[in-house]
Amino acid sequence: MEAVRQGRSPQIWAVALALAMPLSGCQSKGGVSEVLDPAAVAAPAGQNGAANAGPAQASQSLGTGSAKVTMLLPLSASGTSGETGRKMLDGAKLAMADIGNGLLTLTIEDTKGDSAQAGKLAVQAITTGSKVVIGPTELSAAQHIATLSGSKRPPVLALADNFAGSAGVYAVRLSEADSAAAGAAGLAAKGRKKFVLLVAEGSNASAVEKRVANGLSIYGATLAVTLPYSAGDGGARAVDQMGSLVDAPDAVIVASGDSSPAPVLAALKSKGIPGKAVSVVGTDRWLERPMDPLFEGAYIATLDQSETGPIADRFRTTYNYPADVNVAYAYDMVALTAGIASAVGPDGFSKQTLENPNGFRGSTGLFRFRADGSSQRSMPFYRIEKGALKLFAKSTSGF
């Protein structure tokens, strides 16, 4: 610990402590599930996302600590994937310089944006002594690892977007379920009591429903009905059903998944929603698309894309560009592993430590991991006004 303190500002040491030590204020339920056996792990087949990628980058090793950690990033992938990977690499480097160099030996491997390569490298990391695997960013590779079972695999902190999580394979990024629950809770905290959920049909629908219902229950609010809808009819049928099933809801939550929320919002608008009596709650998935006039007036809980906590100024000074949420996720996961190694030791990466219900605070805010691999986050709460996010409340969580 003394080596980490030397040459570091009080602010940076405070970040290390915040990640190493759980915070109060959150509760958790649920049992601990079986983790994976390296002998059962095989690389996922088929999907190659790196056809136009550059030459694979050689593995890099940072730090001299006794805790061996592997990070899987799409460094040579083309387009947005490669850009994201390279930003995450810079975030990891800053975390190592700030906190991890004396605690971790971090090996960074290039997946090329290829799911099969990501799976192969994950197996290699799992079976060669890594205490933690950070990544992959490839969704199908993370999903593949999550389908396997066993008892000896180290924890995986998956960086894939829209990954739901699984026992021992933790979803790092904000999920639609968490965004929807936090948004609903934000309005429930203001006194709204009766909610309707319109959710796109698919594998995540039940997870969204469960999280929203749990989030509302904290404030004595209720989810009156959940109406799954198909992209085929744009949600028009579900909106018609809502009118006959629920009398005077206070808010309608629209979790649109991979599809645009615009058709559902158009159907709601034809019914006068949103209006003085009924609000609309969106999710972070809406923001993957250009702002639509139909978004106007909706409430959304999401991470502050421009705020990366205590690392923003130092990151810009070091790398000459602003940190974004990808940088912040990578920084937080490396800092978290370093914090645990400092507080508990290089063999301290247990489920009990990672799933502490009190959670951790990083540059992306307060977060915690659940036994089912999902993550929960506290985040700002916004209202869309004139095509932009306007801060409505500094923090909401739904847990």
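The values are calculated or read from the model by the stated rules, or taken from the named source; none is laboratory data. What you see is a predicted model, and the numbers here were worked out from it, not measured in a lab. Heads up, the Cβs are rebuilt from the backbone with ideal geometry, glycines too, and the neighbour counts pull from every protein chain shown. Quick note on the areas: whole protein, heavy atoms, side chains included, nothing else; ligands and nucleic acids left out. Shrake-Rupley method; radii C 1.70, N 1.55, O 1.52, S 1.80 Å.
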Which of the residues spanning the range 144-162 are at pLDDT 90 or above and open to solvent by 10 Å² or more (accessible area, probe 1.4 Å)?
-> Pro154, Pro155, Asp161
Filtering the range 99-141 for residues that are of a type in the set (Lys, Arg) and surrounded by fewer than 24 Cβ atoms within 10 Å (Cβ to Cβ) leaves a count of 2
Within the range 175-189, considering residues that are open to solvent by 10 Å² or more (accessible area, probe 1.4 Å) and modelled with pLDDT under 95, the one farthest from Val252 (Cα to Cα) | Ser175
Looking only at strands (runs of 3 or more DSSP E) that fall completely inside the range 104-179, which ones have 1 or more residues that are under 30 Å from Gly215 (Cα atoms), of a type outside the set (Phe, Trp, Tyr) and touching a strand residue (DSSP E or B) at 6+ places or on another chain (Cβ under 9 Å)?
-> 132-134, 156-158, 169-171
Note on Gly232: of the conditions (1) outside any helix (DSSP H, G or I); (2) open to solvent by 50 Å² or more (accessible area, probe 1.4 Å); (3) modelled with pLDDT under 95; (4) not aliphatic (A, V, I, L, M), unmet is (1)
Name the residues in the range 356-374 that are within 23 Å of Ala92 (Cβ to Cβ), of a type outside the set (S, T, N, Q) and not in a strand (DSSP E or B), would you?
-> Gly359, Gly373
For the range 269-297 the number of residues that are among the polar types (S, T, N, Q), open to solvent by less than 60 Å² (accessible area, probe 1.4 Å) and in a loop (DSSP other than H, G, I, E, B) is 1
Within the range 187-229, residues touching a strand residue (DSSP E or B) at 6+ places or on another chain (Cβ under 8 Å) and of a type in the set (Ser, Thr, Tyr) come out as Thr222, Thr226, Tyr229
Just one of Ile311, Ile300 is touching a Phe, Trp or Tyr at 6+ places or on another chain (Cβ under 9 Å), closer than 22 Å to Ala177 by Cα, buried (at least 16 other Cβ atoms within 10 Å of the Cβ) and not small (Gly, Ala, Ser); which is it?
-> Ile300
